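Reading through the structure tokens given below for one structure.
The values are calculated or read from the model by the stated rules, or taken from the named source; none is laboratory data. What you see is a predicted model; the values in this text were computed from it and never measured. Here the Cβ positions follow ideal geometry from the backbone for every residue, glycine too, while neighbour counts run over all protein chains shown. The protein model used for the area step is the full one, side chains on, heavy atoms only, and it has no ligands, DNA or RNA in it. Shrake-Rupley method; radii C 1.70, N 1.55, O 1.52, S 1.80 Å.
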Amino acid sequence: MKKLTLATIWLDGCSGCHMSFVDVDERILQVAEKYDIIFSPLVDVKEFPEKVDVTLLEGAISTDEDVEMVKKIRKSTKTLIAFGDCAVTSNVPSMRNHYDLKDVFKRGYLETSTDNDVIPDEMLPKLLDKAYPVHHFVDVDVFLQGCPPSADTIFYALVEIAEGRTPELSKRARFG
Amino acid sequence: MSSSVNIITLTIDEKQVGARENQTILEVARENGVEIPTMCELKGLTPSGGCRMCVVEVAGIPKLLPACMTTVSEGMVVTTNSERLKKLRKNILELFFSERNHICAVCASNGFCELQLMAQKVEMSHVHYPYLYPHCEVDASHNRFVLDHNRCILCTRCVRVCDEIEGSHTLDIKGRGIEAQVITDMDQPWGDSETCTLCGKCVHVCPTGALIERGMAVGEMSKRKQLLPYLTQMREVKT
Ligand code: SF4
Ligand code: SF4
């Protein structure tokens with residue numbers, strides 16, 4: 001059977017879902033039998049590939065750069081997995097959503113810092129008014145809930161997709 | 001129960017069942033092993049028909065009926081689990097999630113929450129409605145309990161248990177529709193309440209992390225379901 005290609009990426013997430021992915025431990029060898037990991041924080045490639053079979057997308061969409069990225073990912077990806085609660089619901093990053101952006105910056109850069117009195121406005125991606133779930137911007141093929149999803153569930157989902165089946169996640173994954 | 005109650009027959013999901021004429025569709029379904037999902041219903045409290053999770057189809061009636069509020073009748077043909085109902089229930093649940101801020105990962109009820117479990121049960125993979133992200137207060141003025149409006153689904157179980165079982169009626173609802181909110185006394189901080197008896201029944205009937213004991217951290221707040229048979233018993237004594 002021809003190997004599939006796999007990309008993994010995190011946007012507004014904490015990398016916890018990726019840690020959980022690494023927790024598949026020695027089963028990573030089985031993953032490697034089914035997939036070539038062509039883009040990921042785990043491999044040293046800078047540009048997101050033009051074409052990829054499966055993408056694990058961790059994190060909410062929170063900046064103008066995230067929006068561009070998620071559109072690019074969607075265009076390149078056959079099966080897009082919203083990977084973890086931040087991607088599926090916007091989760092913890094959304095805790096800022098009911099505050100004014102102004103106040104978020106004030107809190108982040110001024111009130112909680114003793115030796116800084118500027119809010120940076122250059123060279124950084126622009127924060128959106130809110131943190132959004134991935135499906136707010138693009139179609140998602142598989143929703144993999146969990147904060148983080150367990151290593152078993154991630155492994156299961158990847159194997160099912162590699163075998164051409166739709167993973168049955170309702171019994172294996174839940175929010176939180 | 002008086003002995004003059006008539007026994008009738010009806011059909012639930014193609015199964016012929018017998019029932020007393022004053023029973024609800026929900027009660028009869030449960031007695032016959034047919035599970036209908038519910039959120040606001042709680043045995044021992046007066047049904048309120050608020051959450052709409054238990055809607056069913058009844059042949060000959062174009063609109064859907066809440067099983068918890070509809071009494072059975074002779075020859076009734078009830079469907080509890082059609083594709084249409086499954087889809088509607090999922091949508092109702094999505095509305096619960098989109099209306100407040102349910103961040104399970106940092107919730108005291110994570111792992112014990114009826115809303116979270118229901119999402120899994122009805123296979124709600126994500127919320128396709130836009131989230132509202134409302135600004136909600138957390139009332140931590142009480143020295144034993146906390147009311148977090150971010151997690152409230154307005155099921156009114158707390159209001160009903162406080163009124164019907166404890167007899168305090170400290171809790172109630174203000175506002176309408178999406179503005180509705182649980183309040184204590186005359187919309188004062190809970191800690192200032194003169195009517196709250198500190199019994200904690202509200203906390204333990206609350207299906208979510210909206211009502212918790214003070215000091216509970218993420219994933220610590222399991223509710224004591226042992227309270228429930230007691231509620232039913234109290235109810236029977238009263239009526
Ligand atoms: S109340 Fe339930 S659904 Fe809401 S955040 Fe807490 S665990 Fe999640
Ligand atoms: S606080 Fe809990 S029990 Fe009361 S209405 Fe809200 S969700 Fe229901």
Inset, instruction - Using the structure shown, decide if residue B:95 is assigned to a helix (DSSP H, G or I) and crowded, with 21+ Cβ neighbours inside 10 Å. - result: no
Legend entry - Every residue from segment B:166-188 that is within 16 Å of ligand 1 (Cβ to nearest atom) and of a type outside the set (A, V, I, L, M, F, W, C): B:181
Inset, instruction - Within segment B:168-193, work out how many residues are out of contact with any strand residue (DSSP E or B) (no Cβ under 9 Å at 6 or more places or on another chain) and either free of Cβ contacts under 8 Å to residues at least 24 places away in the same chain or open to solvent by 30 Å² or more (accessible area, probe 1.4 Å) (or both). - result: 7
Legend entry - segment A:148-161: number of residues that are under 15 Å from the mean Cα position of the chain (by Cα) and open to solvent by 60 Å² or more (accessible area, probe 1.4 Å): 1
Legend entry - Flag if residue B:220 is surrounded by fewer than 20 Cβ atoms within 10 Å (Cβ to Cβ) and within 14 Å of ligand 1 (Cβ to nearest atom): yes
Legend entry - Count of segment A:162-176 residues which are away from chain B (no Cβ under 14 Å) and open to solvent by 20 Å² or more (accessible area, probe 1.4 Å): 3
Legend entry - Unmet criterion (only one of (1) closer than 28 Å to residue B:184 by Cβ; (2) buried (at least 22 other Cβ atoms within 10 Å of the Cβ); (3) not assigned by TED's automatic domain parsing to the domain that holds residue B:231) for residue B:89: (1)
Legend entry - Which numbered condition residue B:163 fails, given (1) within 16 Å of ligand 1 (Cβ to nearest atom); (2) more than 22 Å from residue B:107 (Cα to Cα); (3) acidic (Asp, Glu): (1)
Inset, instruction - Go over the candidates B:73, B:48 one by one and state the one that is small (Gly, Ala, Ser), within 23 Å of residue B:208 (Cα to Cα) and outside any helix (DSSP H, G or I). - result: B:48
Inset, instruction - Answer yes or no: is there a residue in segment B:121-136 that is over 29 Å from residue B:216 (Cα atoms), open to solvent by 10 Å² or more (accessible area, probe 1.4 Å), touching a helix residue (DSSP H, G or I) at 6+ places or on another chain (Cβ under 6 Å) and not assigned by TED's automatic domain parsing to the domain that holds residue B:46. - result: yes
Inset, instruction - Sort through B:183, B:173 and tell me the only one that's within 15 Å of ligand 2 (Cβ to nearest atom), more than 14 Å from every other protein chain (Cβ to nearest Cβ), over 16 Å from the mean Cα position of the chain (by Cα) and β-branched (Val, Ile, Thr). - result: B:183
Legend entry - Odd one out for residue B:60, checked against (1) assigned to a loop (DSSP other than H, G, I, E, B); (2) within 12 Å of chain A (Cβ to nearest Cβ); (3) open to solvent by 70 Å² or more (accessible area, probe 1.4 Å): (2)
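Take residue B:191 and tell me if it is away from ligand 1 (no atom under 16 Å from the Cβ) and on the phi > 0 side of the Ramachandran plot. Steps first, answer last, please.
Details: away from ligand 1 (no atom under 16 Å from the Cβ): yes; on the phi > 0 side of the Ramachandran plot: no.
Judged against the criteria, residue B:191 is not a match.
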Legend entry - Number of positions in segment B:112-125 that are part of a loop (DSSP other than H, G, I, E, B) and either more than 9 Å from ligand 1 (Cβ to nearest atom) or within 7 Å of another protein chain (Cβ to nearest Cβ) (or both): 4
